[in-house]
Amino acid sequence: MGKNLTSREQDYSKWYNELVVKADLAENSAVRGCMVIKPYGYAIWEKMQAELDRMFKETGHQNAYFPLFVPKSLFEAEEKNAEGFAKECAVVTHYRLKTDEENKGKLIVDPAAKLEEELVVRPTSEAVIWNTYKNWIQSYRDLPILINQWANVVRWEMRTRLFLRTSEFLWQEGHTAHATRQEALAETMQMNDIYAEFVENFMATPVIKGAKTENERFAGAEETYCIEALMQDGKALQAGTSHFLGQNFAKAFDVKFATKEGGLEHVWATSWGVSTRLMGALVMTHSDDNGLVLPPKLAPIQVVIVPIYRSEEQLDQISDVANGLVKDLRAKGISVKFDNRDTHKPGWKFAQYELQGVPVRLAIGPKDIEKGTVELARRDTLTKEFVEMDGVVEKVVALMEEIQETLYHKAKNFRDEHITKVDSFDEFKAILKKKGGFISAHWDGTPETENRIKELTKATIRCVPFDRKEEEGTCVLTGKPSSGRVLFAKAY
């Protein structure tokens, strides 16, 4: 159980890998670099998906689905996009296998079944979607198009880690088309704000909103906006991105529309996405050496009730009380499980639910029934208290909000304590080595300096914060003039 986990202080990476597997979130598969998301992990992803989907639809977006395969010629159409993803592409070259005549029972690729054109397994869907939009858009009356897709994508990775970096992962990708630059820019910002709202309000993870530098921008985008979170080991994690694509894809696929004034113009585009990488962020933001710590809004099981008994008669008495609590809690919108299995002892169950991050645990024994009380344990603080049976439902309902807020403020305090201003490169390197976190420093605005800092420290510019103060300064590396600070960090 939790006590068998490597501690975060001892080896944070090992702690994370062990926790994802032991908490039954995911495991490595027979396919190198790909994962199996287990039911408990998928239940968390489903809750994420449901909330995001609701938020997308409330802002006018609709879901659709596009092909997994992208003809290479379509993929090549937007050169920057193709170049940016070329090294990560899986490619289908044949459409059939046949029996190996020289090795019975084995299969080989049929050389006669070579495709006329190779198919790229989608690393992202801009190419196939914009080729489709060409048929959908003729007039300003057809705009805007606000489409989202829930799908899987493949980006071939050599070094993988469950949820954080796998060759195949699940995500959503929004692709919108607009009549004006201003409308597309507003959409890009709106979706970045929606991501921030979701991550902060549901994942209880504070984020910094900002713009990516040219070096870090999505391939084929004119602007990339992002939300950046900080993990407990002091590394940053990009939790979501929203891209203003300008007219790049419209020009690549010749997507034009007739304007109200009778002219013909290329449309303006955006794309935006978050992935199962958010699962990794959720684990690393809140969890401890005992296991997962889940915010109530995303916990598959918010409350677990564990009976403590010696006889069937005692179990029957406890079950009557527990089933009443289950009914009352569910009526309040709380997801609850009564674990009356006789295959595991209460101590094992306590450890298991602690490992899996269930926010609240209720234990009921014969003495509790006599006293009219319930033992209530909080996962976030690991504290226990006895609560009157009559008031336990109201107590639990209140705790859901309290735990959610407690987790957010704890993570925010940690994040704020790990934003450090520096004015020299020696100080930059010292903070990065000893403290980690975000480093707020002046930068001269050139890709060359950005690349040099990355080479020397492995730290990258995570974002140019939207709320940064415009102030004159000198670049932390070159000493050249700078108009404001940016945030550097080592990142996942």
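The values are calculated or read from the model by the stated rules, or taken from the named source; none is laboratory data. Remember, it's a predicted structure, so these values are computed and weren't measured experimentally. Because the Cβ atoms are built from the backbone with ideal geometry, glycine has one as well, and the counts that use them run over all protein chains shown. The protein model used for the area step is the full one, side chains on, heavy atoms only, and it has no ligands, DNA or RNA in it. Shrake-Rupley method; radii C 1.70, N 1.55, O 1.52, S 1.80 Å.
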Going by the conditions given, is LYS337 under 16 Å from PRO296 (Cα atoms), open to solvent by 70 Å² or more (accessible area, probe 1.4 Å) and in contact with a helix residue (DSSP H, G or I) (Cβ under 9 Å, 6 or more places away or on another chain)? yes
State whether the residues of region 201-217 include one that is of a type in the set (A, V, I, L, M, F, W, C) and either under 30 Å from VAL92 (Cβ atoms) or in a helix (DSSP H, G or I) (or both). no
Mind counting the residues in region 5-23 that are surrounded by fewer than 16 Cβ atoms within 10 Å (Cβ to Cβ) and either assigned to a loop (DSSP other than H, G, I, E, B) or hydrophobic (A, V, I, L, M, F, W, C) (or both)? 5
Top-ranked residue of region 288-316 - restricted to ones that are charged (D, E, K, R) and outside any loop (DSSP other than H, G, I, E, B), ranked as farthest from LEU329 (Cα to Cα): ASP288
Out of all the residues in region 426-442, is one or more within 27 Å of the chain's Cα centre (by Cα), within 28 Å of MET189 (Cβ to Cβ), buried (at least 18 other Cβ atoms within 10 Å of the Cβ) and touching a residue at least 60 places away in the same chain (Cβ under 8 Å)? yes
Pairs, first aromatic (Phe, Trp, Tyr) and in a strand (DSSP E or B) in region 236-255, second open to solvent by 10 Å² or more (accessible area, probe 1.4 Å) and at pLDDT 95 or above, C-beta under 6 Å, six or more apart: PHE244/LEU185; PHE244/GLU222; PHE244/GLU223
Determine, yes or no, whether THR124 is among the β-branched types (Val, Ile, Thr), open to solvent by 40 Å² or more (accessible area, probe 1.4 Å), out of contact with any Leu (no Cβ under 7 Å at 6 or more places or on another chain) and within 21 Å of ALA250 (Cα to Cα). no
With open to solvent by less than 30 Å² (accessible area, probe 1.4 Å), at pLDDT 95 or above and over 23 Å from the mean Cα position of the chain (by Cα) as the only criterion, which of LEU382, LEU399, LEU355 stands out? LEU399
